[in-house]
Every structure is written in C-alpha cells, then in structure tokens.
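To start, the structure itself, in structure tokens.
Taken together, the values in this text are just the output of simple stated rules run on the coordinates, not laboratory data. Keep in mind that what you see is a predicted model, and the values were worked out from it rather than measured. Cβ placement follows ideal geometry from the backbone for every residue including glycine, while neighbour counts extend to all protein chains displayed.
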Amino acid sequence: MDTIVLKARGKINLTLDVVGKRDNGYHDLRMIMQTINLHDTITVTKTKTPGIRINNNLAWLPKDDKNITYKAAEKFLEVSNIKTGIYIDIFKRIPVAAGLAGGSSDAAAVLVGLNKLFSTHYSKHQLMEMGVEIGADVPFCILRGTVLAEGIGEVLTPLPSLPSMHILLAKPNISVSTASVYKALSVPDIQLHPDTDNYVDAIKKKDIEYLTTHMGNVLEDVTIQLHPQIEDIKQDMLRMGALGSMMSGSGPTVFGIFPSKYEAALAAEYFKNKCGLREVHVTSTFCKAKREGKRRHERKRHKHENK
Ligand code: ATP
C-alpha cells in the first residue's frame, strides 16, 4: 500500500472549564469534547523523493513546515527512523482557527495514516504520546468520541457514546486567536463554571434534556466581549429551534443542537442568506460505539467469507 485516505473529523466542546493557571502560563482545563462528522480529507502517499511535501485546497493555508501535519509527519518519521518521502494532500472543510480542532485532527490523521502505511503497529496510546508533542488536542483527535479532557487537554477519560445528534455550525466571518482569548481570561474572575461532574453523569444516563440545557464554556464571556455577534448567533439558533447553543473552544464558531436535520438546515439557510456567514455546516455528532460495532461486524463477515 502506497497511499491512504483518511477522514480527519472536527470537535465541539459540550463543556469547557478553566480550573487554574500554571506557572508556565498553561491553563488547567476540564472539558467534555465531542467528535463531529464534519471532516477534512487527508491523503498520505509514500514518494520516491525524500522529504515531506504538503498541498491543500486553501490558497492561504501553509503548505510548508508551518502546517501542523508537517510536524506530525516529521515526528512520526523521526521516531520510526523512516527515510521515505511523504506527500500529504489536505482537503479542508473544517473552518480554520474556529475552535473546532481542525489542525489537530489533520495531524492526528497523519499519525494514524503513517502507522498504517508503514505497518509500524504503534498502539493508539503510543500514537497519542507522539501527538501530545505536536498539540494538546491531538491525542483527543486520535481517540475520538465523547471524552472528558483534563490537564492541558491531554489527560483523557473516554465516556459512553451519545446517540447521534444534529449539529449546526455557524462561524462569524472573523478570526480569533486561541492565545489571545486565554491571555484575556482572568481565572479568579470566572463567574459561572459548568458542572462537569453532573454533565458526565448525564452522559452516562443519556439525559439529552440535561445535556442540551447545561452546556457551559467559560471562554464565551471573553470572546463575546471581543465579538458580540457570537451572542447574536447563539440567540438566533435558540429562536430557530435549537435545544441548546454554545461557542465551541475559544471560538468563534457557535454550534446548535437541533431536534432534526431539517430544522438545522432551515437555520443554516438563514445564517448563510440573511446574515452573510460564509462558513455554515449542518453535521452530526460522531457515534464511536456505532462505528466500532460496524467494524466488528465487517471483520466477522470478512472472516466468515474467507473460511
Ligand atoms: P482548536 O479548537 O484546537 O483551538 P482551532 O480550530 O482554533 O483549533 P485550527 O483550525 O487548528 O484552530 O488552526 C489554528 C492555526 O493553525 C491557524 O492559524 C492555521 O493557520 C494553522 N494551521 C496549520 N496547519 C493547519 C491545518 N492543517 N489545518 C488548520 N490550520 C492549520
């Protein structure tokens, strides 16, 4: 096998709490991350010419060692002592610098893809250890599903899969730097922390009513002060039938959980046509248990057919 195609899925935060700040400036987080089905497509190919080459479908996105996938490939090849050349093609759909972990997910897909291409048989845990050196969200993007993330985001506890939910993503036409949001955050001044422990219980009970009405993100106040249109988008989503709506990560993307794909699509039209938002996507939450069940079934069928 010389080439492999992978889906690099984005994420939303169902909760995001900052519980402290370390001497080195990093923040201690407690957050529940949820993989979504909106994905970039990553194609990784072995090449005869040595080195790492990158292409993507956005004119302004780096295609050199500034692309996070370069760092992932470099790390993998170095750890594995592999000298073969690599070509990475990225088709981006996940909005960039939007609080959806698009870059981290691309990096995760490259690690997973290279592990398969070179049959290196690293465990998921070993790939996650490589990933954390590239970015705090990369281990989550390798693990995927519904996960409690603590530490700087790298201490992960998998949670039971939630049933698939309809998600609308609407990104205002602005860019927000994650670093500037955390810089503006004063941890002692946080007024309202999400109740992460109760939220985890609600996930275990599959209490969708609680899950949609008790989301919380302590970074919202900071980013909304800089960009008040985020609050408008949230209110519009609720007005158009969302069961809950919140900013993801450090923003500026707002997501809404809708009772049906139809209602999410209607709201999407409004944000595109009436508000002029360029990046609006209807998607759904990724159900890891369903995916693993399907894989088990395929493996069984394959075994049976080859008997
Ligand atoms: P997070 O939710 O983890 O904070 P994000 O959605 O805020 O992530 P990304 O989309 O990962 O942010 O992009 C952050 C920065 O990384 C951008 O400024 C972008 O130029 C750079 N970058 C490098 N490589 C990539 C990539 N493959 N995809 C997206 N951004 C990339």
**Asked** In degrees between 0 and 90, to the nearest 10, how far off the longest principal axis of the chain does helix 68-80 point, with axes built from Cα atoms?
**Response** 40 degrees
**Asked** Build a GNM of the chain with springs between Cα atoms under 10 Å: which of Lys92, Lys116, Lys11 gets the top mean-square fluctuation?
**Response** Lys116
**Prompt:** In terms of Cα to Cα distance under 16 Å, which aspartates and glutamates are near enough to Lys288, apart from those fewer than 8 places away along the same chain?
**Reply:** Glu298
**Request:** Give the long-range amide H neighbours of Ile86: residues separated by 5 or more places, or on another chain, with amide H under 5 Å away, using H modelled in the peptide plane at 1.01 Å from N.
**Result:** Thr47, Gly51, Ile52, Arg53
**Complete:** Ordered by number, the trypsin sites (Lys or Arg not before Pro) in region 15-88 that occupy a DSSP loop and have at most 14 other Cβ atoms within 10 Å are Arg22, Lys48, Lys66, Lys83
**Prompt:** In terms of Cα to Cα distance under 15 Å, which aspartates and glutamates are near enough to Lys71, apart from those fewer than 8 places away along the same chain?
**Reply:** Asp89, Asp106, Glu129, Glu133, Asp137
**Item:** Computed label-point distance, nm, for sites Ser180 and Thr120 using a 7 Å Cα→Cβ extension
**Value:** 3.6 nm
**Message:** Given contacts defined as C-alpha pairs under 8 Å and at least six residues apart, what's the relative contact order of the chain, whole-number percent?
**Reply:** 21 percent
**Prompt:** From the phi of every residue in region 155-163, what ³J(HN,Hα) in whole Hz does the Karplus formula 6.51 cos²θ - 1.76 cosθ + 1.60 yield, where θ is phi - 60° and glycine or proline is x?
**Reply:** 8, 10, 10, x, 10, x, 5, 8, x
**Request:** Pop out the ³J(HN,Hα) list for region 138-154 in order, Karplus 6.51 cos²θ - 1.76 cosθ + 1.60 with θ = phi - 60°, rounded to Hz; leave Gly and Pro as x.
**Result:** 5, x, 4, 5, 7, 6, 6, x, 10, 9, 8, 10, 10, x, 8, x, 9
**Item:** Nearby aspartates and glutamates by direct alpha-carbon distance to Lys274 (threshold 14 angstrom, same-chain neighbours under 8 apart not counted)
**Value:** Asp232, Asp236
**Asked** Dipole magnitude of region 3-158 about its Cα centre, charges +1 at Lys/Arg Cβ and -1 at Asp/Glu Cβ only, in debye to the nearest 20?
**Response** 560 debye
**Item:** Label-point separation in nm, Lys48 to Asp232, each point 7 Å along Cα→Cβ
**Value:** 5.7 nm
**Computed helical MRE - 222 nm, the chain, DSSP H runs ≥ 4 contributing -39500 (n - 2.57), nearest 500** = -11000 deg cm²/dmol
**Message:** If every alpha-carbon in region 23-76 counts as one equal scatterer, what log10 I(q)/I(0) does Debye give at q = 0.12, 0.18, 0.24 1/Å?
**Reply:** -0.49, -0.86, -1.05
**Fill in**
Extension length gain for Lys66 and Val5 (0.36 nm per residue less Cα distance), in nm, is 19.8 nm
**Asked** Can you give the Rg and Dmax of region 90-248 based on its C-alpha atoms, in angstrom?
**Response** 17.2, 51
**Asked** Of the listed peptides 84-90, 207-213, what is their order by residue-averaged count of other C-beta atoms within 10 Å, with the highest listed first?
**Response** 84-90, 207-213
**Semi-axis lengths (Å, descending) of the ellipsoid that matches the C-alpha gyration tensor of the chain** = 31, 23, 20
**Prompt:** What span do the alpha-carbon atoms of region 3-158 cover on each of the three principal axes, reported in whole Å from largest to smallest?
**Reply:** 49, 32, 28
**Asked** Which ³J(HN,Hα) values, rounded to whole Hz and listed in residue order, are derived for region 211-222 from phi using the Karplus coefficients 6.51, -1.76 and 1.60 in 6.51 cos²θ - 1.76 cosθ + 1.60 with θ = phi - 60°, glycine and proline given as x?
**Response** 4, 7, 9, 10, 5, x, 9, 5, 7, 4, 4, 5
**Request:** Pick out which of Gly241, Gly145, Gly251 has the largest mean-square fluctuation in a Gaussian network model of the chain, springs linking Cα atoms closer than 10 Å.
**Result:** Gly241
**Request:** Specify whether the C-alpha gyration tensor of region 166-284 places it in the rounded, prolate or oblate class, a ≥ b ≥ c being the square roots of the eigenvalues: rounded for a/c under 1.5, otherwise prolate if a/b is larger than b/c and oblate if not.
**Result:** oblate
**Asked** Of Lys11/Lys300; Lys7/Lys171; Lys7/Lys206; Lys205/Lys290; Lys21/Lys92; Lys7/Lys272, which ones are farther than 23 Å apart at the Cα?
**Response** Lys11/Lys300; Lys7/Lys206; Lys21/Lys92; Lys7/Lys272
**Request:** Name the residue, out of Val218, Val19, Val138, whose mean-square fluctuation peaks in a Gaussian network model built on the chain with Cα pairs under 10 Å.
**Result:** Val19
